[in-house]
Amino acid sequence: MWRGLWSLATRAAHWPHRLCTRQSSGALDPGPGATIFALSSGQGRCGIAVIRTSGPASGHALRRLTEPRNLPPARKASLRLLSDPRSGEPLDRALVLWFPGPQSFTGEDCVEFHVHGGPAVVSGVLEALGSVPGLRPAEAGEFTKRAFAHGKLSLTEVEGLADLIHAETESQRRQALRQLDGELGHLCRSWAETLTKALAHVEAYIDFGEDDNLEEGVLEQADKEVRKLEVALGAHLRDARRGQRLRSGAHVVVTGPPNAGKSSLVNLLSQKPVSIVSPEPGTTRDVLETPVDLAGFPVLLSDTAGLREGVGPVEQEGVRRARKRLEQADLVLAMLDASNLASPSSCNFLDTVVAPLGTRNPSGSSPRLLLVLNKSDLLPPEGPGPCPDLPPHLLLSCLTGAGLHGLLEVLKKELAAVCGDPSTGPPLLTRARHQHHLQGCLDALGHYKHARDLALAAEALRVAWGHLTRLTGGGGTEEILDIIFQDFCVGK
């Protein structure tokens with residue numbers, strides 16, 4: 001009996017261990033003696049450029065290029081003269097920092113050279129480093145790849161770092177920082193620990209179910225933990241791809257009848273002349289798209305053809321494309337001429353577009369809608385005339401800018417609902433890979449619930465646990481990892 005208990009404890013102890021040993025497969029082993037170097041700051045002339053190395057020959061390279069030859073104190077900036085090790089020619093007077101491993105970004109010995117940012121200086125230092133035996137130029141993302149290989153970053157943290165580098169809006173920056181801080185990884189690891197305990201309980205019952213010394217309620221405890229985990233996973237998977245929209249941009253479509261001011265609004269929101277503005281109806285005959293930072297959220301803003309019937313074939317194709325874009329939108333800005341609400345085109349638009357979109361189904365699969373009445377500067381002081389079928393709306397004048405601040409505030413709330421608020425709540429799922437593994441885990445838990453055999457139930461828990469470990473980096477294939485690290489530039 002005790003031998004069986006020892007075997008069970010050993011298996012349970014190995015499950016979380018395998019979760020944390022990302023480099024055990026050897027697929028990401030940087031190789032002995034490989035020291036890399038690269039420019040880590042941006043290209044072009046700048047005040048300061050940062051060049052860094054990583055690998056066992058970093059200290060040797062620092063001694064070869066600097067005067068005096070001794071290593072500076074760890075993690076403290078020191079002013080040194082940089083010279084070409086082949087000719088002794090001075091290259092620059094720079095700040096150098098020495099980061100002995102494993103207390104460094106990559107876990108290896110690292111050096112940073114903070115040199116003046118002129119192209120000749122940067123080129124000279126890079127050539128000098130290339131002449132040091134054992135050093136080679138880094139590949140794209142190789143510094144971060146080594147940090148991952150040495151356990152400094154989980155795979156979700158690597159993705160957060162990539163998102164931070166590419167962040168263009170305030171909301172993207174906040175989301176990326178939360179993921180880089182490890183919130184999603186910590187959450188997945190806690191879920192994996194829950195599955196480890198549940199699996200231990202199931203296997204204990206398999207091995208010792210007939211033994212009087214086994215605590216009562218072992219299977220019930222496992223079932224309870226699995227049910228809690230199912231609820232948590234379901235809540236994350238019901239986010240309607242908000243995190244992915246936050247990372248890549250929400251699709252906002254501006255629509256309405258001709259001459260409602262759609263192109264004017266697109267130009268106003270994007271702060272550049274994206275669309276041609278003309279009093280002639282039907283000016284926009286195709287879908288014009290532009291990326292915009294809208295109220296701190298990334299948005300792909302689409303200007304579409306005015307919706308009307310009985311026009312030429314070219315404009316009709318534009319109308320068809322406009323209706324197609326409405327089906328793909330996350331948020332629709334429906335525009336009407338506030339001074340001409342009684343026109344047939346306005347009434348038809350309210351009946352055929354605004355009314356169907358205004359009654360959103362419970363699943364939230366249809367796009368959100370904002371009705372905007374433009375040309376408010378043409379209205380009398382008492383506002384638009386009575387219109388019993390007019391749903392809630394916002395007044396705006398694209399000509400004077402009146403009402404723009406209120407529109408932006410409402411857009412901020414709507415986009416937060418579409419993309420998620422990165423400042424609050426649980427961490428968002430920003431990639432299809434995250435959603436795939438959580439869905440795979442949830443599906444495996446469903447197989448666990450319906451398993452008629454305890455051995456099959458245990459196997460379902462192992463499959464679920466495997467999806468969580470692959471999400472944070474354990475057992476990932478080299479092809480998937482290569483795709484992820486392609487997001488990085490050389491020097492990162």
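Annotations for the structure displayed:
- Taking first residues from region 319-341 that are touching a residue at least 40 places away in the same chain (Cβ under 8 Å) and partners that are open to solvent by less than 10 Å² (accessible area, probe 1.4 Å) and among the aromatic types (Phe, Trp, Tyr), the Cβ contacts under 7 Å between residues at least 6 apart in sequence or on separate chains come to LEU336/PHE349.
- For LEU445, the test of being out of contact with any strand residue (DSSP E or B) (no Cβ under 6 Å at 6 or more places or on another chain) and modelled with pLDDT of 90 or more is passed.
- Among the residues of region 112-152, the ones that are under 15 Å from CYS46 (Cα atoms) and touching a Pro at 6+ places or on another chain (Cβ under 6 Å) come to 0 in all.
- Scanning region 447-463 for residues that are assigned to a helix (DSSP H, G or I) and either in contact (Cβ under 8 Å) with a residue 24 or more places away in the chain or of a type in the set (D, E, K, R) (or both) yields a total of 9.
- Some residue of region 405-426 being within 30 Å of ARG178 (Cβ to Cβ), in contact with a His (Cβ under 7 Å, 6 or more places away or on another chain) and assigned to a helix (DSSP H, G or I): no
- Any pair with Cβ under 7 angstrom, 6 or more apart, that starts in region 288-305 at a residue that is over 20 Å from ASN259 (Cα atoms) and ends at one that is among the acidic types (Asp, Glu): ASP293/GLU168; GLY296/GLU170; PRO298/GLU168; LEU300/GLU289
- Scanning region 252-274 turns up no residue that is small (Gly, Ala, Ser), at pLDDT below 85 and surrounded by 16 or more Cβ atoms within 10 Å (Cβ to Cβ).
- The residue pairs whose first member lies in region 393-410 and is of a type in the set (Asp, Glu), whose second member is modelled with pLDDT under 95, and whose beta carbons are closer than 8 Å, counting only pairs six or more residues apart or on different chains, are GLU409/ALA295.
- Qualifying residue in region 300-319 (condition: open to solvent by 20 Å² or more (accessible area, probe 1.4 Å), modelled with pLDDT of 85 or more, closer than 26 Å to LEU399 by Cα and in a strand (DSSP E or B)): yes
- Within region 108-151, the set of residues being under 25 Å from LEU471 (Cα atoms) and assigned to a strand (DSSP E or B) comprises ALA140 only.
- Qualifying residue in region 211-221 (condition: modelled with pLDDT under 90, assigned to a helix (DSSP H, G or I) and either under 30 Å from VAL292 (Cβ atoms) or among the aliphatic types (A, V, I, L, M) (or both)): yes
- Checking each residue in region 397-415 for being open to solvent by less than 40 Å² (accessible area, probe 1.4 Å) and touching a Gly at 6+ places or on another chain (Cβ under 9 Å) picks out SER397, CYS398, LEU415.
- Residue, least open to solvent (accessible area, probe 1.4 Å), within region 422-446, restricted to residues that are within 18 Å of ARG247 (Cβ to Cβ) and free of Cβ contacts under 8 Å to residues at least 40 places away in the same chain: HIS437
- Search result, residues across region 330-340 that are open to solvent by 10 Å² or more (accessible area, probe 1.4 Å) and either of a type outside the set (Asp, Glu) or on the phi > 0 side of the Ramachandran plot (or both): SER339, ASN340
- The single condition among (1) modelled with pLDDT of 85 or more; (2) in a helix (DSSP H, G or I); (3) among the β-branched types (Val, Ile, Thr) that ILE206 does not meet is (1).
- Considering SER54, SER83, the condition of being under 30 Å from THR472 (Cβ atoms) and buried (at least 17 other Cβ atoms within 10 Å of the Cβ) is satisfied by SER54 alone.
- Number of residues in region 31-63 that are over 37 Å from the mean Cα position of the chain (by Cα) and under 17 Å from VAL121 (Cα atoms): the value is 0.
- Qualifying residue in region 115-132 (condition: open to solvent by less than 70 Å² (accessible area, probe 1.4 Å) and on the phi > 0 side of the Ramachandran plot): no
Each row is one residue, and each column tells you yes or no for (1) open to solvent by 30 Å² or more (accessible area, probe 1.4 Å); (2) assigned to a helix (DSSP H, G or I).
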position	(1), (2)
GLN103	yes, no
LEU153	no, no
LEU161	no, yes
GLU168	yes, no
GLN175	no, yes
ALA192	no, yes
LEU195	no, yes
VAL202	no, yes
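The values are calculated or read from the model by the stated rules, or taken from the named source; none is laboratory data. Not measured: the values here are computed from a predicted model. For neighbour counting, all protein chains shown are included, and Cβ atoms are generated from backbone atoms with ideal geometry for every residue, glycine included. Side chains included, ligands, DNA and RNA excluded: accessible areas come from the protein's heavy atoms. Shrake-Rupley method; radii C 1.70, N 1.55, O 1.52, S 1.80 Å.
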